[in-house]
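My questions will all concern the structure given below.
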Amino acid sequence: MAEALLEIDGVETCYGLSQVLFGVSLKVQSGEMVALMGRNGMGKTTTIRSIMGMTRARAGTIRFAGEEVRSLPSYKIAKLGIGLVPEGRQIFPNLTVYENLVAASGNRHGSSDPWTIDKIHALFPRLAERGNNMGVTLSGGEQQMLAIGRALMTNPKLLILDEATEGLAPLIREEIWNCLSMLKGRGQSVLVIDKNVANLAKIADRHYMIERGRTVWTGTSEQLIAEPDLQHRYLGI
């Protein structure tokens, strides 16, 4: 099998003296959509922060595109080709929608079909309508669209979404799931955190579950559907 685009193995991460991750491991192959699942407080966001260098892992390996990145600062990891849609969106509130989209845009890795403003507007027409509005004036759903669009404008090798649809209205959630389905069809590599098992099972290739900072299960969508007790055991549903 070809080398994984992203591979983390045995990652341990602490906040001060409090250890949160106890040997988390996962892989994302090029062109694959992978879901990271678990109850609140089990280490999902810390796993993402460790990958991005925002909270430095104290042990384990984190390799992206063949390079060990555990010791790199966040901006260098992002430049290697990871686009992050963080929990809470974190758009620039005092920039317009257009300025948010172009602030970090680029095609550093020479994509043959790069994302452009026009393509983002086609994906999320609301962003075209709100182009001159300040980020702070957007609804939560519009901010999530903007956060996704901003990440895509970097033309990432890997797109990471932390809580992709949390707190959004049903119609907006459906729009986000349609977006992720389209991205998968486009061949975009994606690592996504979300609680909607039904939608994740439809579009994700593989799933990882973590419990108290440890990887406790991994499998395909078919295996996840075939083992409903897993959802009760590790997801609390």
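The values are calculated or read from the model by the stated rules, or taken from the named source; none is laboratory data. Quick caveat: nothing in here was measured; it's all calculated off a predicted structure. In this analysis, Cβ positions are derived from the backbone assuming ideal geometry, glycine residues included, and neighbour counts consider all displayed protein chains.
Could you tell me whether any residue of the stretch 172-181 is surrounded by fewer than 21 Cβ atoms within 10 Å (Cβ to Cβ), among the β-branched types (Val, Ile, Thr), over 27 Å from Thr96 (Cα atoms) and modelled with pLDDT under 95?
no
Need the failing condition index for Ser105 against (1) closer than 24 Å to Glu32 by Cα; (2) in contact with a Gly (Cβ under 9 Å, 6 or more places away or on another chain), just the number.
The number of the failed condition is (2).
Looking only at the stretch 161-168, decide whether some residue is surrounded by fewer than 19 Cβ atoms within 10 Å (Cβ to Cβ) and in contact (Cβ under 8 Å) with a residue 60 or more places away in the chain. Break it down into steps so the answer makes sense when it comes.
Taking the stretch 161-168 first, the residues surrounded by fewer than 19 Cβ atoms within 10 Å (Cβ to Cβ) are 166-167.
Narrowing the set further to residues that are in contact (Cβ under 8 Å) with a residue 60 or more places away in the chain leaves 166.
Yes, the stretch 161-168 has at least one match.
Here's the yes/no breakdown for (1) aliphatic (A, V, I, L, M); (2) touching a strand residue (DSSP E or B) at 6+ places or on another chain (Cβ under 9 Å):
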| position | (1), (2) |
| --- | --- |
| Pro114 | no, no |
| Ala128 | yes, no |
| Met134 | yes, yes |
| Ser139 | no, no |
| Gly149 | no, no |
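Taking the conditions exactly as written (of a type outside the set (S, T, N, Q), closer than 15 Å to Leu158 by Cβ and at pLDDT 95 or above), does Leu21 satisfy them or not? Show your work before the answer.
Working: of a type outside the set (S, T, N, Q): yes; closer than 15 Å to Leu158 by Cβ: no; at pLDDT 95 or above: yes.
The answer is no for Leu21.
Please state which of the following conditions Pro93 fails to meet, knowing it meets all the rest: (1) touching a strand residue (DSSP E or B) at 6+ places or on another chain (Cβ under 6 Å); (2) of a type outside the set (S, T, N, Q); (3) part of a loop (DSSP other than H, G, I, E, B).
Unmet condition: (1).
When you go through (1) surrounded by fewer than 22 Cβ atoms within 10 Å (Cβ to Cβ); (2) touching a helix residue (DSSP H, G or I) at 6+ places or on another chain (Cβ under 7 Å); (3) hydrophobic (A, V, I, L, M, F, W, C); (4) at pLDDT 90 or above one by one for Ile237, which number turns out not to apply?
(4)
Okay, next question. Can you name every residue in the stretch 25-57 that is within 24 Å of Arg186 (Cα to Cα) and basic (Lys, Arg)?
Lys27
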